[in-house]
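Heads up, the thing below is written out as structure tokens.
Here, each number is a calculation from the coordinates, and none is a lab measurement. These figures come from a predicted structure and were not determined experimentally. Neighbour counts run over all protein chains shown; Cβ positions are idealised from the backbone, glycine included.
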Ligand code: SF4
């Protein structure tokens, strides 16, 4: 594989392959505007796995689709958003240019392996389709390559299974096949949108191991989207916690689990089954993620937040550093902790004003 | 060690993939030949019939398409349109020559091999000129039975061919089509639909051999050649023009002027369905009408389905404004009263060449296609929208597939089933619409003297409650049978695609929507 060639020695590990800045994706309906992704920023460095975690409805899948350029009407990426992939601004690309970035640059693995493969074509057919479009490989060579790919994702008896239909594969095998289909484009960057959610726990672990192996072999960068804190702890290097279209906390994975700062992150970690509580899912946090249909002039977590105070309803919290050693920020009016409440509120207010001025 | 074995196995298997269908057959030719040799024989014995149908269709398509091109380009450059017309004449000339040539070739189940037209040499005397001296009714019945048996068997053998391919030569052990075929073959009502469809296709293809006489001799030019008959008054064998014989064999609703079903007229001619009010043979008339009906409705529904498929995939894939534009167009088309449009267009093109292609059927097919696609589009848009949401479409997008290929490869296979269901149900509406136009007459519908079902019904409408009831009733029953069969086929396909979905409400809606 050609994976070793593109790592620029001077840039090293710090060069981001993907930089998302101030991404806003809104859906326009007759009644309201839903700010599914509301001004988020993060980056992914080469060879690294960045996680986005949040409940359903938090905007994580829309984030993935925005990066892939797969937002259909009535959805729209707002002006002022920026998605840079290998230095190229994606939001300005035409449809045809985007098509060439997808696949050969960015690949995506979807949630439901049942659904990501077209049931009327054989698995081999679909992998070869991908090979043909992105690498121009056809005929016997494509069969060889497809076989190699299936072997690379750990499917035994690969050659024979190329001629089988998706429904003849088990769930885990199907997800492996989908990953093989995406690898067929030889991407540098892989977006995994809940790739293990539909699988049972042992299979889930196998797929995660597979992704880690592939990442090492091919120097892949991965953006991993999930609602499951356990999975995030297993696979991610750095984590973004998303709530109602916004990122509320960013930190390296050990730091996040050791020192969660945002009340929402704490609730998420508390709700991991098995460790602190016996409860399933997010039952420890009452209520649901609100639909972000109003501008962010308050903390969207306030209705569910155990530590909410008056200002939370009126002041939009901004990202502030919450750790001296680590790259750890949280968007909550409780921080920075060393200031008094009124100073904190003031600081956030002035940060918010700086931001809006910067925008206009 | 396992490394080398697995590699050699893989090479072994990889070679298998290189094999073309030809090589696969060469490796195991027995099942193929066991199927192909009978198939060849089946085709060969009736080859001129098939070739004749093919040339006739090509002829109409060439004239229709070049004519439309001519009309479009004529607006821009008259020189170019002249070139197109010249090309049209040349191609049509060749096609007609070829058609004339294959027409002269013998076929197995022809009226020459099993003739049913003859005459008695005396009162109760033996029959002259019929097959083995049989009575015309038996000779005709024998030929008709053989033709239907042949057609059904051929249809089965074609299906057998697919089974042979599936069992012996296909690489995949299983494909989704297998389930659909299996479901359909367990669906009695659906099989009834297939049977009816084959029956009527047989009439369309073998119509001229099925009738006791020919459209040419009995209907189109009845004064060109005399036929022999036994004249009871003189006690001798006389000659008469079929036209004159028709004149004396009219069914006019009274006891003395009536030749009912399964009876002979005074000229020793057998009429399985009786005669029309002008003395022509109703069965021959119906067979002639079957061909034009099947061709026109196939063209119409094919055109409508094509437009509906393309538009529904556009609607689903691009949604938003594209969808809205198509929706508005479709609503616009639906709001045009179909009958008024047909009358209008028929009047405008009355003396135009396009009004003569397929005896006016081509124009009708275009109008029916134009007025039917919105119904199909509405029916198929839902499934198309559903497929467009599937993750494999997103997956295909995410590895950079072209929209055109996504629609063709990943969406079309899903809507084609629904398309078949609604198309077969809407075809009933088109057939009824066609019959209705011919029923109205007055320059509408298929132009006389080419047979059209609706015209037979209209001729008989004064006599429905008398001895000549057969004129209206039999064509009417045939239309009902065909339309019912098509609906049955639609039901069958629907249940075969999706055995769980039982409700038939949507289907009825489509059938009603398609009704003219
Ligand atoms: S800003 Fe207020 S409501 Fe929001 S998380 Fe912090 S404490 Fe809770």
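For chain A, averaging the sequence separation of C-alpha pairs within contact (under 8 Å, six or more residues apart) and dividing by the residue count gives a relative contact order of 19 percent.
The long axis of helix B:470-497 is offset from the longest Cα principal axis of chain B by roughly 10 degrees.
Tell me what chain B gives for mean residue ellipticity at 222 nm when only DSSP H runs of n ≥ 4 count, each as -39,500 (n - 2.57), the sum divided by the residue total, rounded to 500 deg cm²/dmol. Result for chain B: -22500 deg cm²/dmol, rounded to the nearest 500. Cα centroids of the stretch B:77-115 and the stretch A:296-311: how far apart, whole angstrom? So the separation of the two Cα centres works out to 83 Å. Taking A:122, A:49, A:63 in turn, the Gaussian network model of chain A (Cα-Cα springs below 10 Å) assigns the largest fluctuation to A:122. Annotation: the residues A:15, A:145, A:216, sorted from fewest to most other C-beta atoms within 10 Å of their own C-beta, follow the order A:216, A:15, A:145.
From the alpha carbon centroid of the stretch A:97-120 to that of the stretch B:124-171 is 53 Å. Which of rounded, prolate or oblate describes the stretch A:307-358 when judged by the alpha-carbon gyration tensor and an a/c cut-off of 1.5? Verdict is oblate for the stretch A:307-358. In the stretch A:15-243, the convex hull through the Cα atoms has an average projected area of 12.6 nm², a quarter of its surface area.
Centroid-to-centroid, using Cα positions, the stretch A:130-186 and the stretch B:382-456 are 35 Å apart.
Per residue, the average separation of C-alpha pairs within less than 8 Å and at least 6 apart gives the stretch B:47-106 a relative contact order of 53 percent. Between residue B:389 and residue B:181, the contour length at 0.36 nm per residue exceeds the Cα-Cα span by 72.2 nm.
Panel order for A:299, A:305, by other beta carbons found within 10 Å of each beta carbon, from fewest to most: A:305, A:299. Shielding of peptide B:387-394 by partners, expressed as the average count of other chain Cβ atoms within 10 Å per residue Cβ, is 6. Spherically averaged projected area of the convex hull of Cα atoms, the stretch A:190-257: 4.8 nm². Compute the whole-percent fraction of alpha carbon pairs in chain B spaced more than 30 Å apart. Cα-Cα pairs in chain B separated by more than 30 Å: 59 percent.
Calculate log10 I(q)/I(0) of the stretch B:268-414 for q = 0.10 Å⁻¹, where I(q) comes from the Debye formula with a single equal point scatterer on each Cα and nothing for solvent. Log10 I(q)/I(0), no solvent term: -0.52. Each principal axis of the Cα atoms in the protein assembly as shown has its own extent, and those three values, largest first, are 131, 68, 62 angstrom. Spacing of the modelled spin labels on residue B:158 and residue B:75, each 7 Å from Cα toward Cβ, amounts to 3.8 nm. Taking the C-alpha atoms only, the angle from helix A:201-218 to the longest principal axis of chain A is near 80 degrees. Roughly how tilted is helix A:171-183, in degrees to the nearest 10 and between 0 and 90, from the longest Cα axis of chain A? Approximately 90 degrees, to the nearest ten. Spin-label model, residue A:308 to residue A:209: label points 7 Å out along the Cα-to-beta-carbon direction sit 4.4 nm apart. Among A:261, B:252, B:34, A:60, a tally of other beta-carbon atoms within 10 Å of each Cβ gives an order, fewest to most, of B:34, B:252, A:261, A:60. Overall shape: oblate for the stretch B:215-280, with the ratio a/c of the largest to smallest alpha carbon gyration tensor axis at 1.5 or above and b/c at least equal to a/b.
DSSP assigns beta bridges within the protein assembly as shown; of those with both partners inside it, close to 65 percent run antiparallel.
Of the residues A:28, A:335, A:264, the one that moves most in a GNM of chain A with alpha-carbon contacts below 10 Å is A:28. Shape class of the stretch B:157-205 from the Cα gyration tensor (axes a ≥ b ≥ c, square roots of the eigenvalues): oblate, since a/c reaches 1.5 or more and a/b does not exceed b/c.
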